[in-house]
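The values are calculated or read from the model by the stated rules, or taken from the named source; none is laboratory data. None of these values were measured; they are calculated from a predicted model. Virtual Cβ from ideal backbone geometry, glycine too; neighbours counted across all protein chains shown. With ligands, DNA and RNA removed, areas are computed over all heavy atoms of the protein, side chains included. Shrake-Rupley method; radii C 1.70, N 1.55, O 1.52, S 1.80 Å.
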Amino acid sequence: MQEETQSRHSDEALRASELRYRRLFETAQDGILIVDAHTGQITDVNPFLINMLGYSYDEFIGTPLWEIGPFKDIKECKLAFQELQEKEYIRYESLPLETKDGRSIAVEFVSNVYGLNGGMRVIQCNIRDITERKQAEDVRHRSDEESRRFFEANPAGSYVASPDGRLITCNSAFARMLGFASVEEAIKVDLFSLYPDRASRDVFLRRLREKGRLEYNEAELRRKDGSLVHAVEDAAVTFDERGELAQIHGCLMDASERKQIEQQILQAREKKPLFRLKTFLSQAGLGRTIVYVPGKQILFKQGKRGNAVFYILAGAVKLTVDSQGKESTIALLGPGTFAGKECLATVRPRSTASARTLTNCTILRITRKEMLRVIQDEKTFAAFFFDYLLARISRYQEVIMDHLFNSAEKRLARTLLLLGHFDDEGKPQLVIPKIHQEELAEVVGTTRARVSFFMNRFRKLGFVAYKGQSSITIRAPKLSSFVMAH
C-alpha cells in the first residue's frame, strides 16, 4: 500500500510539473520550438512563434527545421543542426528571418539539447524578435558615423579629453596645427602639456569648471617642435551622474596671423589717422551703397559669380542650397553679418548658396573692389573682418557641437540670440519681425511643431515676448543663461 501511495503521488507530481511547464510554454513571450534531436523534425511550437512568423501549427509539426519557410534560405541551417547535436548549444545574436507574409525580421536564436525520460533527446529553440532593437542600433550607428565625419571635416582643431588631460580623440586639423604627423601621434600627448606653463593650464581649468564652457579664449600653446602658436580656443565640459567633470570637448583655431595684424595696427596708428569702422559700415561712400530691400528678394543666386559683399544693417537674410531640386536652409543671417564673401577670392568662385531676404532689410552693398582695397589698406578693418571670419568658423563649430551634444531646444535658443544680435550688456533686442517657424525649424534641425512648443515655453519662462506674427523681443541675459547652463 505504501509503494502504491508513493507511486500515485509521484504520478500526480509529474502531471502537475508537466501542467506548469505547458502553461509556461503556452504563455511565453518568446517563440519556442521543440525539435527531435535525432531527426530534426519539429514536435511542438508555442502560440507566440505561430503569431510571430505567420505559419499554422500544422505547418510546423512533423517538418524538419531546415524545411520550414523562414529557415529555407539559411544555407548553414542543416550544418548548424549537426553542430548542435555535437556541442548541444548554439546561439545567434542576430539572425534574419522572413515571415510567411514576406516581412523581414531579426531574431535572437538560442538552441540547446536536453534529455527526457526514456532516453529521448530534444532540442529547445528560443526565438526572440529583436527587430526594433536592431533598427535602433542601426540608426545609432549611422548617427555615430555622421557625427564622426562632421568631427573630422571641421577645419578647426577639435578634440575630446578626459578630466586629467588625456586625449581621447582629435581630428587631423588639431594634429596639423600643433605640428604632429598624424592623429595617432597627437593623441599620445597630454592636453595640459600643450600649455607652456602651469599657471596657464590652471587658469584654463579653473575657468572651465566655473563656467562650464569657454568662448574665444586666447592662449599660447606649445607645438611639437617647441615653438608657440597663438590660438583661440572654445571648450565645453560634460558632467557625470554625480556632477563630476566627465569630458572636455574643445576646438582650437590658429590666430597667429591675426595677432601679427594686431601688432601691425598698433605700429601704424601713430602714422595714420584712426580708421572709423562704424562709420564705414553704416554710411554710403565710395564703392558703398545703402539699399532697402523688401522681403523675399534674392540678393545672389547659387552657382553665380558675385561682384559685391552685403553687410546687413537691419532685417534677416536666409542662406539656402539647392541639391537635386530640393532646397534647404543652412543659415539665418541677422544684423552685423556679411553675405557674399566668396567673391573676395583671387579667382572668384561661384556662390555655393543663394541669399534671399526674409523681411524688409537695410543693407550696405560694398563692391568687391572696395572690399579688397579696405582689407589691404585699413588694418583696423582687416583685423575686424578676420575676427568676423574666425567667429563664423567658431559658429560652425558650435553648430556641430550643438548637434552632437545639445538638444533642439538649446539650438533654437542659440539661433534666437544670434538673430537678435545681442551685445555684451545683455540689453533686450528686437528680432526680425514676422520670422516663420518653418525657417527656424530648418536651421535648428527639428520640426515646426517642436519649434512652436519651445517658443511657447520660452515665452512662459520670460525668455522672449511676442504675440502672433509680431516682432519677438529677446531677453538676452535670461536666454543666454539658459544656453550656458550645464
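A few notes on this one:
- All of (1) at pLDDT 75 or above; (2) in a loop (DSSP other than H, G, I, E, B) hold for F422 with one exception: (1).
- Being crowded, with 18+ Cβ neighbours inside 10 Å and among the hydroxyl-bearing types (S, T, Y) is not true of Y292.
- For T329, the criteria (1) touching a residue at least 60 places away in the same chain (Cβ under 8 Å); (2) polar (S, T, N, Q); (3) open to solvent by 40 Å² or more (accessible area, probe 1.4 Å) hold in every case but one, which is (3).
- Tabulated pairs, segment 248-275, first of a type in the set (F, W, Y), second open to solvent by less than 60 Å² (accessible area, probe 1.4 Å) and modelled with pLDDT of 75 or more, C-beta under 9 angstrom, 6+ apart or interchain: F275/V374; F275/E378; F275/T380; F275/F381
- Residue count, segment 223-233 (criterion: surrounded by fewer than 18 Cβ atoms within 10 Å (Cβ to Cβ) and either out of contact with any Ser or Thr (no Cβ under 7 Å at 6 or more places or on another chain) or under 20 Å from Q247 (Cα atoms) (or both)): 6
- Failed item in (1) open to solvent by 80 Å² or more (accessible area, probe 1.4 Å); (2) over 38 Å from the mean Cα position of the chain (by Cα); (3) on the phi > 0 side of the Ramachandran plot, with Q267 passing the rest: (3)
- Test result for E210, assigned to a helix (DSSP H, G or I), open to solvent by 60 Å² or more (accessible area, probe 1.4 Å), under 28 Å from T337 (Cβ atoms) and acidic (D, E): no
- In segment 300-309, the residues that are over 31 Å from the mean Cα position of the chain (by Cα) and not small (G, A, S): K304, R305, N307, V309
- Of the residues examined, A231 is not one that is hydrophobic (A, V, I, L, M, F, W, C), modelled with pLDDT under 85 and closer than 22 Å to I168 by Cβ.
- Residues that are among the aliphatic types (A, V, I, L, M) and surrounded by fewer than 19 Cβ atoms within 10 Å (Cβ to Cβ), drawn from segment 348-373: L372
- Given (1) at pLDDT 75 or above; (2) in a helix (DSSP H, G or I), index of the condition E262 fails: (1)
- Looking at segment 42-129, the strands (runs of 3 or more DSSP E) lying wholly inside it that each contain 2 or more residues that are modelled with pLDDT of 85 or more and open to solvent by 50 Å² or more (accessible area, probe 1.4 Å) sit at 121-129.
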